[in-house]
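Notes to accompany the following structure.
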Amino acid sequence: MPECAISELGKIDPATRIRDVIRSVGFDLVFQPKVAFSHGKLGGIEVLVRWPEVVAGRQAPDQFVPLAEQHGLAPMLDLHVLERTLRTWRSWSALTRLCWSPFPISVNVSAMSVQDEDFLRSVTWLLAESPRPKLMFELTETAPFHNPLAAAQTLEALSGHGIQVSLDDFCTGFNNHERLDTLPVAELKIDREDTAKLDTIAGIRHVGQMIEQAKAAGLTVTAEGIECRDQWKTLRTLGCDYGQGYWLCPPLSASDAVEFVQDYTPSRLLTATNEEHSAF
Ligand code: C2E
Ligand code: MG
Ligand code: MG
Ligand code: MG
């Protein structure tokens, strides 16, 4: 994209800016690993979108993703992220056999996208090219369900393509028990705000109930936003399956992520965080 066009982006409306970024330099991606509480092995990697460094007016995803949703651009953004994720994963796979490991790559997907009639067709088209990773779609909580039947049908069809569904930030926003009952969900994610409240009895009880409910429904549970050892220990005691957070590993660039996966051992992570082995 020419320099002048990039600086001009600061002056146009949000929807046009998002569309222009997708059509020009593209959004950046970062990757945050997920670690199993039981043995400390890697359990997956979540892809998180970032405003590109070369484009002025940097915004956090919490700002521009809801804007994309409000302007009907969520499917376009999510497909763009999926396409870039597949491309990145293929470049990782070309580098090392280790990236063929069985854990899934989790991509965040708006509820708006799974209600869009063209989304399934576009995803199927993107997945036609092989090889491809095991995928999980994290259904974000910021958009409502106007057409739950369409969403359920799309997600059922995606299950047929081997894509698992995760309910992100469970019990916040629009991700509630109703979604659990109506969608083919494989994982629940505990929101970082709930992880932050694990230093209170009420917080522990609330998270404990969510984990219990998930287990009763045969789902796995991932807690995000783990920032200290105490949170890790409490979640492990409550029976949580996987954890994510700055204490374990921050979101990484694609090159740092592949290095992290290649070099990863549970004990290496613990050395890096100055913790003794009993954490697992
Ligand atoms: P999320 O999917 O719940 O992602 C978790 C957020 O917590 C990420 O913020 C991550 O960077 C941050 N985080 C990770 N570990 C820690 C920690 O230990 N402490 C704290 N305080 N935060 C931590 P991020 O990347 O800013 O993303 C915010 C939200 O934007 C995401 O929440 C997700 O809902 C949405 N999002 C991100 N990427 C995409 C995307 O590609 N598509 C869609 N539709 N939404 C996306
Ligand atoms: Mg997520
Ligand atoms: Mg969220
Ligand atoms: Mg989340």
Could you check how much of the accessible area of the chain is carbon and sulfur, as a whole percent, using a 1.4 Å probe?
52
Within the range 182-259, chymotrypsin sites (Phe, Trp or Tyr not before Pro) in DSSP loop having at most 12 other beta-carbon neighbours inside 10 Å
none
Based on the alpha carbon coordinates of the range 36-110, what radius of gyration and maximum Cα-Cα distance (Dmax) apply, in Å?
15.1, 43
Which far-off residues, 5 or more places away or on another chain, put their amide H under 5 Å from the one on residue 134, with H placed in the peptide plane?
105
Counting every Cα pair in the chain, what percent are over 23 Å apart?
55
Accessible area per residue for the chain in Å², computed with a 1.4 Å probe and the full protein assembly in place, what is it?
47
Kindly identify the range 36-180 as rounded, prolate or oblate by the Cα gyration tensor criterion: order the square roots of the eigenvalues as a ≥ b ≥ c, call it rounded if a/c is under 1.5, otherwise compare a/b with b/c, prolate if a/b is larger, else oblate.
rounded
The chain, dipole about Cα centre (Lys/Arg Cβ +1, Asp/Glu Cβ -1), debye to the nearest 20:
640
Once label points are set 7 Å from the Cα along Cα→Cβ at both residue 197 and residue 159, what is their separation, rounded to one decimal in nm?
3.0
Please return the longest stretch of the chain lacking exposed loop sites, where GluC sites (Glu not before Pro) count only if DSSP places them in a loop and at most 13 other Cβ atoms lie within 10 Å.
130-275
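The values are calculated or read from the model by the stated rules, or taken from the named source; none is laboratory data. For clarity, every value in this text was computed on a predicted model and none was experimentally measured. Don't worry about glycine lacking a Cβ; one is built from the backbone with ideal geometry, like all the others, and counts go over all protein chains shown. With ligands, DNA and RNA removed, areas are computed over all heavy atoms of the protein, side chains included. Shrake-Rupley method; radii C 1.70, N 1.55, O 1.52, S 1.80 Å.
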